[in-house]
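Student: I am attaching a structure below and will ask some questions about it afterwards.
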Amino acid sequence: MKKLCLKTIALTGVLLALTACNGEKPAAPSASTLPAAAEVKTSKADLSPCEVLSDDVIRRHFDTADAELTRKQSRYSDDPLCTVSWPKPNAAELEQQRAQAMSDYMTRKMRGESVERPSLRTTNEVTLTIAKTDFESAERALESFDGAMRVLSEGMTVKTDRGEMKSPTYELQPVTGVGARAMWAAGLSQLSVVTDDRIFHVGVVTGSESDQEKAKAIANDIAPSL
């Protein structure tokens, strides 16, 4: 069976889409699983998250030293999604550790042992997804946001070439002090925020216990520009 990977993509307020791990085009969610559509307009469809996540924004919230910041805009997200990454200070050491961990993993797999593939990151990442939908009222925005959060916490059914599959579910934690409403998904290391007429998602993946607070600080920093 083809393995599927969860991608945190905002689809008109719905957080989830599934893509094949080999980078194929995302499978469209089943329409019957999506929250009821609100009356919307899309006047900010050209808003670029890579421009919003400027060098100044990143360097205000992280000690990047003189590291080069790399930006990559997703080709698969219906809504604009940008990833900013930079190497960890000890990236070379981590790369050696990762190579050794992968060697050990392959050896144990060949022995028939049940082991998890090692995950050792050599980079820090910040992602920003901006839903390109402008809602006609704050109430409509909240309705769509709440529907998206239900999908994230309860899962949704998607159609694949192998039949129907249900997406993973994640535990959500309310976060105060940002937007009209915000939820943190620890399993995704992502903060989802709704303002008066905008839904956006900030992901911070550094492996630090401060990732949630960093995401909140960035969200408050960029919210006025959205």
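Student: Give me Rg over Rh for segment 167-226, both radii from the alpha carbons and Rh done the Kirkwood way, two decimal places.
Tutor: Over the Cα atoms of segment 167-226, Rg/Rh equals 0.95.
Student: Hey, rough spin-label estimate for residue 123 and residue 208, points 7 angstrom out along Cα→Cβ, what's it come to in nanometres?
Tutor: Distance between label points: 1.8 nm.
Student: How do 128, 47 rank when sorted from fewest to most other Cβ atoms within 10 Å of their own Cβ? The partial results should precede the final answer.
Tutor: Numbers: 128 24, 47 17.
The fewest-first ordering by Cβ neighbours comes to 47, 128.
Student: Turning to a different aspect of this structure: Most exposed first by the Cβ proxy, i.e. fewest other Cβ within 10 Å, how do 183, 102, 165 rank?
Tutor: Placing the least packed residue first, the sequence is 102, 165, 183.
Student: Now for a separate question. Just subtract the alpha-carbon distance of residue 66 and residue 116 from 0.36 nm times their residue separation and send over the number in nm, one decimal.
Tutor: 14.6 nm
Student: Roughly how many Å is it from the Cα centre of segment 167-226 to that of segment 71-85, as a whole number?
Tutor: Cα centres, segment 167-226 to segment 71-85: 17 Å.
Student: Going by how many other Cβ atoms sit within 10 Å of their own, how do 117, 71 line up, fewest first?
Tutor: Lowest count first: 117, 71.
Every read-out reported here was derived from the displayed coordinates using simple, explicitly stated rules and does not represent laboratory data. Keep in mind that this is a model prediction, so the values were computed, not measured. Using ideal geometry, Cβ is built from the backbone for each residue, glycine included, and neighbour counts are taken over all protein chains shown.
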